[in-house]
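Student: Take a look at the following structure, please.
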Amino acid sequence: MPRGKRSHNEVATSSRSPTASTGLGLAGCDVTEANVKKPSSIRPAEGRLAVLLPGLGAVATTAIAGTLLARRGLEKPIGSLTQMGTIRLGSRKDARSPRIMDFLPLAPIGDVVFGGWDIFPENAYESAVHANVLEGRHLDQVKEELSRIKPMSAVFDPAYVKRLNGTHVKKGKTKADLVEQVRDDIRRFVTQNECDRAVAVWCASTEVYLEPGAVHQSVAAFEKGLLANDPGISSSQIYAWACLKEGVPFANGAPNLTVDFPAVWQLAKERNVPVAGKDFKTGQTLMKTVIAPALKARMLGVRGWFSTNILGNRDGEVLDDPGSFKTKEMSKLGSLEVIFQPKLYPALYEELYHKVRIEYYPPRGDAKEGWDNIDLFGWLGYPMQLKIDFLCRDSILAAPIVLDLALFMDFASRAGMRGTQEWLSFYFKSPMAAPGLTPEHDLFIQLKKLKNTLRWVMGEELITHLGSEYYD
Ligand SMILES: NC(=O)c1ccc[n+]([C@@H]2O[C@H](COP(=O)([O-])OP(=O)(O)OC[C@H]3O[C@@H](n4cnc5c(N)ncnc54)[C@H](O)[C@@H]3O)[C@@H](O)[C@H]2O)c1
């Protein structure tokens, strides 16, 4: 990928951490999984950053509009850890808690240039109006900038997303041709917008459920599969492959296979590119991964957990197709099994019945309702119930995640981190982890892991919460 000018001034990280370079054995803080040797320097965030979003629908346009409003100081970027979060450094007595954006050399949101692909040619303003998430009082203020964001034509095959039929779609004899076309798009976008580098976050529709097959096992097999139009290679995999080939970090906001198979891990390693996924953790699963660890912490048993959702946006329409629903269902089902560890606690969780439903219900639009019924039991087995009714807004919860992932993935890339970025599990319903490793779902362990990884990369002491030094 042709890059703009890059300074060779690098941000050096401090080497203060006494425990930083080896496995740490901290509960939930195994930063050796960050798939990176601790960098001695981090390339500075100079120049413009292209944030490329396959899928300019509800989530993407809400993320873009919110970022544009925030950078003009018209609204606060609420929900964004990179923009609003702080990080404690050192001892509690030091009272050092800088903002994450001041602690890390993150790209400032003023340097971000948004672009993307969609199967419909509407610009980001038209698409945002169609999505009906943000009100006119917000969209009108950034109408001009949004209108300038016109999607590049998409890689799309209705075999993988059954409920959509777009017109703004690339043609190619083989899937390998399509990879080359996306690579050309990326290069052109970066050059035309005078960007220094790019990241991609998948914000397009959920594809049908696919298991990794022989074609996904190595770079060579995948490249052969691209030439042979292997049906195991979906549109999202084509974008991801093109991005990796261009050295562009790729985060996957949907539950699709996309970057979660050996060929991608191999390519990411070869090209030194970070990848992350999958499926933004926004409403119901966010609550699940907070409540379940609390019940387990108190050794309370759970017999049943029934989760249902009603939503009426285009995502809901796509998920009405059984193939796409299966992908989402698998993604939503994983968290409880991992958190409760029924093999370790058979008396408490062996009989757990976990069911997830998603119902397309147009009157609700993007204002989803996620409803959970939990049948739990306590002392002497006495039953209790817990009901959660989360009247949320899907894209309002997902938008800050898009921004955070774009900025953290760019940071990771400049810090030389490659392959699966498990420290970003915090953002995902179905976190990717190294083969054979159980992914971490507990939101607070994920947050600790994320912040300890940042401390570690920046050469700060890791925080164990032991605190015994205060009583010496
Ligand atoms: N909003 C949330 O809380 C949330 C949470 C987790 C995951 N997600 C996932 O994020 C994704 C986006 O959600 P949304 O509500 O914005 O959906 P949406 O339907 O509004 O937007 C998706 C966009 O992707 C486009 N698209 C489909 N296939 C494409 C392709 N191959 N290339 C380019 N564009 C393509 C569609 O035309 C549409 O504009 C979905 O996969 C959804 O499951 C959303």
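Read the figures in this text as sums done on the coordinates, not as results from a lab. All of these numbers come straight from a predicted model, not from anything done at the bench. No Cβ is skipped: glycine too gets one built from the backbone with ideal geometry, and neighbour counts run over all protein chains shown.
Student: Set the Förster radius R0 to 45 Å, insert the Cβ-Cβ distance between Lys355 and Phe444 as r into 1/(1 + (r/R0)^6), and round the FRET efficiency to 0.05.
Tutor: It comes out at approximately 0.95.
Student: Sticking with this one: Pulled fully out, how much extra length does the chain show between Leu344 and Glu270, if you take 0.36 nm times their separation in residues and subtract their Cα-Cα distance?
Tutor: Contour length minus the Cα-Cα distance gives 22.8 nm.
Student: Filter the trypsin sites (Lys or Arg not before Pro) in region 50-144 to those in DSSP coil with at most 14 other Cβ atoms within 10 Å of their Cβ, and list the result.
Tutor: When the trypsin sites (Lys or Arg not before Pro) of region 50-144 are filtered for loop state and at most 14 Cβ neighbours within 10 Å, Arg72 remain.
Student: Same structure again: Which chymotrypsin sites (Phe, Trp or Tyr not before Pro) from region 320-429 combine a DSSP loop assignment with at most 12 other Cβ atoms within 10 Å?
Tutor: Those that pass, being in a loop and sparsely packed, number zero.
Student: Right, another one. Would you be so kind as to identify all helices of the chain, as entire DSSP H runs, whose Cα atoms reach 30 Å or more along the helix's own axis and whose mean Kyte-Doolittle hydropathy is at least 0.0?
Tutor: 394-414
Student: When the chain is fully extended, how far beyond the present Cα-Cα distance does Asp111 get from Phe390, taking 0.36 nm per residue of separation?
Tutor: Separation in residues times 0.36 nm, less the Cα-Cα distance, equals 96.9 nm.
Student: What's the whole-number percent of alpha carbon pairs in region 193-307 lying beyond 17 angstrom?
Tutor: 62 percent
Student: Given a cut-off of under 8 Å on Cα pairs at least six residues apart, what relative contact order in percent is computed for region 284-391?
Tutor: 41 percent
Student: While we're looking at this one, here's another question. Go through region 65-145 and name the GluC sites (Glu not before Pro) that are in a DSSP coil and have 11 or fewer other Cβ atoms within 10 Å of their Cβ.
Tutor: Sites meeting the loop and neighbour criteria: Glu135.
Student: Return the equivalent ellipsoid semi-axes of region 311-445 as a descending list in whole Å, where each equals the square root of 5 times an eigenvalue of the C-alpha gyration tensor.
Tutor: Value: 28, 24, 14 Å, ordered largest first.
Student: Moving on. What size of dipole, in debye to the nearest 20, comes out for the chain about its Cα centre when the only charges are +1 on Lys and Arg C-beta atoms and -1 on Asp and Glu C-beta atoms?
Tutor: Approximately 760 debye in magnitude.
Student: Taking H placed 1.01 Å from N in the peptide plane, check which residues at least 5 places from Glu359 or on another chain put their amide H under 5 Å from its amide H.
Tutor: Under 5 Å from the amide H of Glu359 lie the amide H atoms of Asn309, Ile310, Leu311, each far enough along the sequence or on another chain.
Student: OK, next. For every other residue with a beta carbon closer than 13 angstrom to the beta carbon of Asp184, add +1 if it is Lys or Arg and -1 if Asp or Glu, then tell me the sum.
Tutor: +1
Student: Looking at region 284-391, I'd like the Rg to Rh ratio, where Rg is from alpha-carbon atoms and Rh is Kirkwood's inverse mean 1/r.
Tutor: Looking at region 284-391, the ratio lands at 1.02.
Student: What's the local net charge at Ile119, with K and R +1, D and E -1, over the other residues with C-beta under 15 Å away?
Tutor: Net charge in that neighbourhood comes out at -2.
Student: A further question follows. Could you give me D for the chain, from Stokes-Einstein at 4 °C and 1.567 mPa s, where the hydrodynamic radius is the Kirkwood radius over C-alpha pairs? Units µm² s⁻¹, please.
Tutor: My calculation gives 56 µm²/s for D.
Student: Name the residue from Phe222, Val457, Thr62 whose Cα lies farthest towards the positive end of the charge dipole of the chain, charges +1 on Cβ of Lys and Arg and -1 on Cβ of Asp and Glu.
Tutor: In the chain, that residue is Val457.
Student: Count charges around Asp140 for me, please; just the other residues with Cβ under 14 Å from its Cβ, Lys/Arg as +1, Asp/Glu as -1.
Tutor: -2
Student: Say each of Leu437 and Tyr470 gets a label point 7 Å from the Cα, pointing the same way as Cα to Cβ; how far apart are those two points in nm?
Tutor: 3.1 nm
Student: Quantify how much of the Cα-Cα distance distribution of region 357-406 extends past 16 Å, in percent.
Tutor: Summing the P(r) tail past 16 Å for region 357-406 gives 61 percent.
Student: Where does the chain land at 222 nm, in deg cm²/dmol rounded to the nearest 500, when only DSSP H runs of n ≥ 4 count, each adding -39500 (n - 2.57), divided by all residues?
Tutor: Computed mean residue ellipticity for the chain: -10500 deg cm²/dmol.
Student: Then there's this: Which of Ser307, Leu257, Pro274 sits closest to the plus end of the dipole of region 246-361, meaning its Cα is farthest towards the positive end, when Lys and Arg get +1 and Asp and Glu get -1 on the C-beta?
Tutor: The residue sitting most towards the positive pole is Ser307.
Student: Given Cα pairs under 8 Å that are at least 6 residues apart, what percent is the relative contact order of the chain?
Tutor: So the answer I get is 22 percent.
Student: Which links in Lys288/Lys387; Lys296/Lys343; Lys143/Lys170; Lys281/Lys448; Lys173/Lys224 stretch past 18 Å when you go from one Cα to the other?
Tutor: Those over the limit are Lys143/Lys170.
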